[in-house]
Amino acid sequence: MKKTDLKNLSLAEMEDLTEDLGLQRYRGRQIFHWVYGKGIDSVDMMTNLSREHRALLSQKVYISRLIEIKRQISSDGTEKFLFALEDDHRIESVLIPEEERLTLCISTQVGCGMGCTFCLTGKGGLIRNLKSSEIINQFLTIQKNLSGDKWITNIVFMGMGEPLANYKNTIKAIEILTHPHGIAFSARKITLSTSGLIPQIKRLGESGLNINLAISLNASADEQRCMIMPINNRYPLPKLLDACKKYPLKKRRMLSFEYVLIRGLNDSPEDAKRVTKLLRGIRCKINLLPFNEFPGSQYKKPSEESVLKFQEVLLNHHFSVFIRKSRGADILAACGQLREE
């Protein structure tokens, strides 16, 4: 008989499971806290359950974990983790240390099906979606192995894959991460990045999760965006930006727009001027990311001068705009460089 992975279950599903086993429903809440709040690896560690209850539970369930295959540390302190999944596929996660933050970049798919031409992850296409347990385990595994009093302060869904293309499992993972009886991670410290799947953006806005949303813009015109992001053929800029304008934002919250600057393609002052027109009327900030080169890439990193000029145009139009420093590029851990090995 195939056992159920407890880390694939929400609180309500754990309560249903314990009830089906003839246990009191509140036992599900206790199990939920053991699995997510305490991060245990074995049913035997649930000491507030009787030995008989633990034996009964062990016949039906197990607690999954990731197997760390390799860890690399960049010259700037960024760490990249290569994990093996139960079916032996591999995923990568990245831990980024900063002065007051420790950010974990989480993957949601093995590979990616979006086909963005500037991204190494998509070169091999989509292999499969990650289960909610595989998404959560990236956080649990890395947090458990941190030394001393270090704590992950921020989570970004910007690793391998398009999070909204794996909507059900990604949202379930976020709900578990933020549940007060489990990990209790702050929703305000979670950012999900998407290439622009409009129906799922609308669903996310209606979900009430209150996480941060980042849109990968990367172009100033439809023709240009279609060339580097095939998803734009399905969801062109006018429709995408209309969805962004309608996205419900709480007071003092903003959308983020990510813009990868590629030399000679989308990094001119004229491009910047078009971006100001595209984003007019949207409460947002803009993150500029100089392209991170990788072996076999057809694109080049922009000059520092062109990046600063691009930023200047946006600043002159009263946008909040930041140049994001590339982290972990020497170990292929920077944005767009992750790939199943």
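Values in this text are rule-based calculations from the coordinates and carry no lab data. Keep in mind that what you see is a predicted model, and the values were worked out from it rather than measured. Don't worry about glycine lacking a Cβ; one is built from the backbone with ideal geometry, like all the others, and counts go over all protein chains shown.
Suppose R0 equals 41 Å; then what is the FRET efficiency for Ile67 and Leu249 from their Cβ-Cβ distance, rounded to the nearest 0.05?
Rounded to the nearest 0.05, the efficiency is 0.55.
Considering only DSSP beta bridges where both residues belong to the chain, give the percentage that are antiparallel (nearest 5).
Antiparallel: roughly 40 percent of the beta bridges in the chain.
From Cα pairs below 8 angstrom and at least 6 apart in sequence, can you work out the relative contact order of the chain, rounded to a whole percent?
Relative contact order of the chain: 16 percent.
Only helical DSSP H runs with n ≥ 4 go in: add -39500 (n - 2.57) per run for the chain, normalise by residue count and round the 222 nm mean residue ellipticity to 500 deg cm²/dmol.
Here the helix-only value at 222 nm equals -9000 deg cm²/dmol.
Say the cut-off is 21 Å between C-alpha atoms; which of Lys7/Lys168; Lys168/Lys202; Lys273/Lys309; Lys38/Lys150; Lys250/Lys273; Lys202/Lys239 go over it?
Lys250/Lys273
FRET efficiency for Asp88 and His318, Cβ-Cβ distance as r, R0 = 51 Å, nearest 0.05?
Once the sixth-power term is evaluated, E becomes 0.50.
Within the stretch 29-53, whose backbone N sits under 16 Å from a point 7 Å along Cα→Cβ of His181?
Once the point is set 7 Å along Cα→Cβ of His181, 29-39, 48-49 turn out to lie under 16 Å by backbone N, inside the stretch 29-53.
Out of the trypsin sites (Lys or Arg not before Pro) in the stretch 95-135, which ones are loop residues according to DSSP with at most 10 other C-beta atoms within 10 Å?
Filter output for the stretch 95-135: empty list.
Within the stretch 1-39, list the residues whose amide N lies under 20 Å from a label point set 7 Å along Cα→Cβ of Lys168.
The answer is 2-17.
Work out the FRET efficiency for Lys3 and Arg188 from their Cβ-Cβ distance, taking R0 = 30 Å, and round it to the nearest 0.05.
That pair, Lys3 with Arg188, gives E of 0.25.
Under a plain spin-label model, where a point goes 7 Å from the Cα along Cα-to-Cβ, how far apart in nm are Glu305 and Ser10?
Result for the modelled spin labels: 5.5 nm.
Only counting other Cβ atoms within 10 Å, I'd like Trp34, Trp151 sorted with the fewest neighbours first.
Listing Trp34, Trp151 from fewest to most nearby Cβ atoms yields Trp151, Trp34.
With +1 on the Cβ of every Lys and Arg and -1 on the Cβ of every Asp and Glu, and nothing else charged, how large is the dipole of the chain about its Cα centre, in debye rounded to the nearest 20?
The calculated dipole for the chain is roughly 960 debye.
Only one of the values (i) 5, 23, 27, 19, 12, 9, 4, 1; (ii) 6, 28, 38, 22, 5, 1, 0; (iii) 5, 25, 32, 23, 10, 4, 1, 0 was calculated from this structure for P(r) over Cα pairs in 10 Å bins from 0, in percent; name its label.
Computed from these coordinates, P(r) over Cα pairs in 10 Å bins from 0, in percent corresponds to label (iii).
Please arrange Thr103, Thr78 by how many other C-beta atoms lie within 10 Å of their C-beta, fewest to most.
The fewest-first ordering by Cβ neighbours comes to Thr103, Thr78.
What net charge do the residues around Lys3 carry, taking every other residue with its C-beta under 13 Å from that of Lys3, with Lys and Arg at +1 and Asp and Glu at -1?
Taking every other residue near Lys3 into account, the sum is +1.
Given the peptides 42-52, 161-171, arrange them by the average over their residues of other C-beta atoms within 10 Å, most packed first.
161-171, 42-52
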